[in-house]
Amino acid sequence: MDLMSVRESVYKEVEKKEMKLHLIFDFNHMFYKYKFRLEKGSLRPLSYDGKSISYIYYNLRDIEQARKKYEKLGYDVYVHICLDSKTNRKDENKDYKATRENKLTEDNFNDMHETAKLLIEAGYDVEKVEGFEADDIIWTLVNTIPRDEAVVIYTNDSDVTVNVNNNVVV
């Protein structure tokens, strides 16, 4: 068998195999990223009809850039967006996130949940479970995805690295 025949058989094998990829976004990470960049003035605030649309615009831009990047590589891409809900961990452990600077305000939570509603209306898979944080939801989601499907997690939360294996990257 010559080199050209080998290449053709490899390409045919790859074409037969459906390559699935799950993009999992830690929405709280994305929200923080843009919240502070907007506050510092390093991003242009956007508004429509008197309402701020900055969060939805910048988050959608990131999600769609990632989706297009992997679709160009031939993956069948599934997008999952994971969202924190309020937990009782602070009641159980007073030191939990006690040193965190720049905590989210009630207005920030409202902005985040309004953005999540818009993402749901746009057809995205938004995961939020009362009493759980995004990293808990991500762990559960990763463990329900078949092992032969690739997973890319977008976050800066070091707790999520527990999910890394042969088919999962952070």
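The values are calculated or read from the model by the stated rules, or taken from the named source; none is laboratory data. All values derive from a computational prediction rather than experimental measurement. No Cβ is skipped: glycine too gets one built from the backbone with ideal geometry, and neighbour counts run over all protein chains shown. Note: accessible area is taken over every heavy atom of the protein model, side chains too, but ligands, DNA and RNA are not part of it. Shrake-Rupley method; radii C 1.70, N 1.55, O 1.52, S 1.80 Å.
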> Restricting attention to the range 16-39, which residues are charged (D, E, K, R) and either open to solvent by less than 10 Å² (accessible area, probe 1.4 Å) or modelled with pLDDT of 85 or more (or both)?
Replying inline: LYS20, ASP26
>> What's the number of the only condition in (1) touching a His at 6+ places or on another chain (Cβ under 6 Å); (2) at pLDDT 85 or above that ILE120 fails to meet?
In response: (1)
> What is the residue count in the range 119-145 for residues that are without any contact (Cβ under 8 Å) to a residue 40 or more places away in the chain and assigned to a loop (DSSP other than H, G, I, E, B)?
Replying inline: 3
> Can you tell me which of LYS72, LYS103, LYS68 is loosely packed, with under 13 Cβ neighbours inside 10 Å and at pLDDT below 75?
Replying inline: LYS103
> Tell me, which residue of the range 120-163 that is closer than 21 Å to ARG67 by Cα and hydroxyl-bearing (Ser, Thr, Tyr) is surrounded by the most Cβ atoms within 10 Å (Cβ to Cβ)?
Replying inline: THR155
> Inside the range 51-64, can you point out the residues that are open to solvent by 80 Å² or more (accessible area, probe 1.4 Å) and at pLDDT below 80?
Replying inline: LYS51, SER52
